[in-house]
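The values are calculated or read from the model by the stated rules, or taken from the named source; none is laboratory data. Source: prediction; values computed, not measured. Backbone-built Cβ (ideal geometry, glycine too); neighbour counts: all protein chains shown. These area figures cover heavy atoms from the full protein model, side chains too; ligands, DNA and RNA do not enter into them. Shrake-Rupley method; radii C 1.70, N 1.55, O 1.52, S 1.80 Å.
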Amino acid sequence: MTQFDFIIIGGGAAGMTAACRIRKGSPQAKILLIDRGETLGGVLCQCVHHGFGLSYFGEDLTGTEYARRLEQQVKNASVQVLLCTEVLEVSPDKTITFSNAQGIQTCSFRHLILASGCTERALGSLGVSGTRPAGIFTAGEAQKLINVHHQDIGDRAVIIGSGDIGMILARRLSLCGKKVICMTEIADKSPALSRNRINCLEAFQIPLFLRTRLIEIHGYPHIEAVTLLDIPTNALRRVECSLLIIAAGLIPDRILIQNFFPPLWEAAPDLNALPKWLHLCGNCHHVHPIVDGVSFQAEKLADRLTETI
Amino acid sequence: MSSPFHADVCVIGGGVLGCMAARTLTRYQLKVLLIEKENDVCMGISRANTAIIYAGYDNKPGTLKSSLCVKGNMNFPSLCQELGVPISRCGSLMICHGPRGAEVLKKKYQNGLQNHVSGLELISGEEVHALEPHLAGEIYMGLYSPNTATVQPWEIGIAAFENALANGCEVRLSAKVTDIKKTEDGFRITIADTSVPRGGKTEVLTAGGILNCAGVYADRVRELLLPPSVRIYPEKADYFIFDKAVKGFLSHIIFQEPEEKGKGLTLVPTVNGNLLAGPSAQGDCAPDDVSTSSEGLAFLEKRLGELLPGLPLSAVIRSFASIRPNPFEVSQGKDLEIIRSPRSIHSFVIDQPGDCPGFISLIGIKTPGLTCCEELADYVVSRLLPVLGNPPLNPDFHPRRKSPVCMRRLSLSEKASCIEKDPSYGKIVCRCEQISEGEILDAISRGAKTVDGVKRRCGTGMGSCQGSRCTYEIARLLSRELDKPISEICKDGSNSDFIKGDLT
């Protein structure tokens, strides 16, 4: 069995930054960085908009540029990288088992850094009634389809949730010539950065309905409309659409370590209860509003770990 | 003009019953054709129900339902083994909260004894709590049944379908029966292509016999040839499915018998490891209505809050509606209007008219239809065989379907040898359920044509992200394997394409 000092699961901003920083503090350490994708970068690869790196690199970069810079650093840091590789299991005997086209392999480690990012809150947990037609996507899924695969997914969109991801997607759809009919927010205020509210929503005159909940989906086999509830007045509003985007928030993806860390759905689990060898890094630790924060957190974690060696 | 396609028997409807009947027919030297109006089998009642293999204590002793159900329950594990489908014989607890419910449980217990259901036990509320510590509230009594089991219902149908095909059955998918005429030696059936939105071309077939297994549409299919006598008035109910991460809440199927009037909840720890909760109170609906209702979902939330208060509703990953084909006797008034009798028919309706014995209809096969699927198939086939001149057995019939590879159920060394033979089994596509590209390609080679067809055959998209991370990759594999542009790949039923094409 191959042994590593550090195994990092997830080759996004958190995992790449942590790998490079560990190398800096510990020139001899054996480091393995694993990602399921065909390239490093994680969710950054689908972020073609700018606003990344202002504090970490001191430059205004796109998400893809940010990823390529970190990727170059990983290359220079002589870190072993495994792509197209899915980690199947993390075991308490300090081993992981992963799968790829070459087979199944188990490796041991001294420290495991989980940098697996987030998943998106799916429609199922929102308590929405009605049909389940074609034409419903999560915001991240839609962003990947548009920016990475260049696919057209629909013309008239309603976006549920007014966080940054929803905002960015609203702008992207508008720039593709699509109509964003409205965006809804359950709270009385959008949680998005104000620059996104101005540049993505106001610039395209997209109405934002606050205190509004999605309650029903209509149409089959394609989506035709949604019913929205205005919470203060209980008034219902039917909005015709051909595309529904769920941008209802992110959940740290800790499925691989759920056995150490139940239960998954708890909002604020006790991170101190983790085994000493297991470290959470980036958005799977907590959701960061900007990627620079992820890199800074990864550096801090890496410094702490290399100091103890 | 070439002569029309002829089958000895046409099975109309590719749900669990139709697939099972087609398979049973291939045990004989018969040319069998299965006709299904959707683009895949198991698209109706079969894919959305409570997924339970009932023990048989609910049904009135001496009825066809009770005898088929008890037999079906006993035989189900071997059926699953033959068809390579997983089953969980987790047992069930029927629970009640007071003396009124206890009378119901005692009645069911007595029914069960008369029906020869084995292993039944009436147990105290404390014993129920000991078996299921997460159940909240006062529990007065429980009826324990060790033989109640659960399967993924569509898996049974699809496996039976694949086995029927392997034994020579032919199939027409996306084909709706629009006309049936009686001929001298059988029937003339007209089918229309449903794969195009405004109705495609039609085809005329001939058949010696017909098994009408058209589910919620079985009454309409019957009335293409016969005057109305039974009509289905479908009812709808809602269900929740919980994230697999919600572990350890229940180990048995729970049937709740409420003390006050109203519907109790059924809770099922599924074969796949999810918790299924439902059904909500039933309501009349259109036969093609698959929408959930906010009342239904609110009912489930309320009942779950009472029964399993620790269960987080934020862990619901999907809600869905199921349709029950509720049959009613009907007569025709003087203006030929349909008069519905006040009460629904409690038993399975198996209609074989004396003057047209070659046309058998299964109507209103609701609970425990899944449990009885093979027995019902045997039953109707045995009634059809004499009409077909008692054909000899098919010596080449092979009852087994090889279970498809399911990577997450294999040991590490088994996984490794799978990947060595075919590297695509090492590439995980569905992260939530850890399903590999190899399993998806296998599902496509077994007949999946849509994203949800792949889902029903290998379990992709059934995890917490509900396919948001793998749908496109699966669509791309479908596009490649079926040699179709991705814009023509459907999510589910006909015309449910979800990608318009390249962005311009």
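Here are the numbers for the structure shown:
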read-out	value
Under 5 Å, built H, 5+ apart or other chain: amide partners of B:Ile345	B:Phe328, B:Glu329
FRET efficiency, B:Ser413 to A:Glu59 (Cβ-Cβ, R0 51 Å, nearest 0.05)	0.55
Rounded, prolate or oblate (a/c below 1.5 giving rounded, otherwise prolate when a/b exceeds b/c) for region A:1-62 by Cα gyration tensor	oblate
Per-residue HN-Hα couplings for region B:133-150 [Karplus 6.51, -1.76, 1.60; θ = phi - 60°; Hz; x = Gly/Pro]	x, 7, 5, 9, x, 6, 10, 8, 7, x, 10, 8, 9, x, 8, 5, 9, 9
Rounded, prolate or oblate (a/c below 1.5 giving rounded, otherwise prolate when a/b exceeds b/c) for the protein assembly as shown by Cα gyration tensor	prolate
Accessible surface of the protein assembly as shown, 1.4 Å probe, proportion on carbon and sulfur as whole %	51 percent
More than 25 angstrom apart: percent of Cα pairs within region B:370-504	44 percent
Total charge dipole magnitude, chain A, about the Cα centre, Cβ charges on Lys, Arg, Asp, Glu only, Debye to nearest 20	220 debye
Largest to smallest accessible area among B:His398, A:His285 [probe 1.4 Å]	B:His398, A:His285
Residues whose placed amide H lies under 5 Å from that of A:Thr138, excluding near-sequence neighbours	A:Ile246
Sites B:Lys106 and B:Thr202 - FRET efficiency at Förster radius 41 Å, r taken between beta-carbons, to 0.05	0.15
Loop trypsin sites (Lys or Arg not before Pro), region B:83-126 (other Cβ atoms within 10 Å of the site Cβ: 16 or fewer; DSSP)	B:Arg89
Where GluC sites (Glu not before Pro) fall in DSSP loop in region B:106-150, at most 16 other Cβ within 10 Å	B:Glu138
Expected 222 nm ellipticity per residue - DSSP helices of 4 or more, -39500 (n - 2.57), all of the protein assembly as shown, to 500	-7500 deg cm²/dmol
For chain A: rounded, prolate or oblate by the Cα gyration tensor [a/c cutoff 1.5]	prolate
Residue mean of other protein chain beta carbons inside 10 Å, A:95-102	4
Cβ-based charge dipole, the protein assembly as shown, positive-most Cα from B:Val451, A:Gly161, A:Gly293	A:Gly293
Two-site FRET efficiency, A:Ala203 against A:Lys179, from Cβ-Cβ distance with R₀ of 25 Å, rounded to 0.05	0.95
5 angstrom amide H check on A:Leu82, placed H, neighbours 5+ away	A:Leu33, A:Ile34, A:Asp35
Antiparallel DSSP beta bridges within chain A, as percent of all bridges there, nearest 5	45 percent
Where only alpha carbons of region B:223-381 are counted, the Rg and the Dmax (Å)	19.1, 60
Relative packing of B:336-348, B:423-435, B:39-51, which averages over residues the other C-beta atoms within 10 Å, highest first	B:39-51, B:423-435, B:336-348
Whole-Hz couplings from phi, Karplus 6.51/-1.76/1.60, listed for region B:403-411; x for Gly and Pro	5, x, 4, 10, 4, 6, 8, 8, 6
Distance in nm between pseudo-label sites at B:Lys421 and B:Glu260 (7 Å out along the Cβ direction from Cα)	5.8 nm
Kirkwood-Stokes translational diffusion coefficient of chain B, alpha-carbon pairs, 20 °C, 1.002 mPa s, µm²/s	90 µm²/s
Phi-based couplings in Hz for region B:377-393 (Karplus 6.51, -1.76, 1.60; Gly and Pro marked x)	4, 4, 4, 6, 5, 5, 7, 8, 3, x, 5, 8, x, 6, x, x, 5
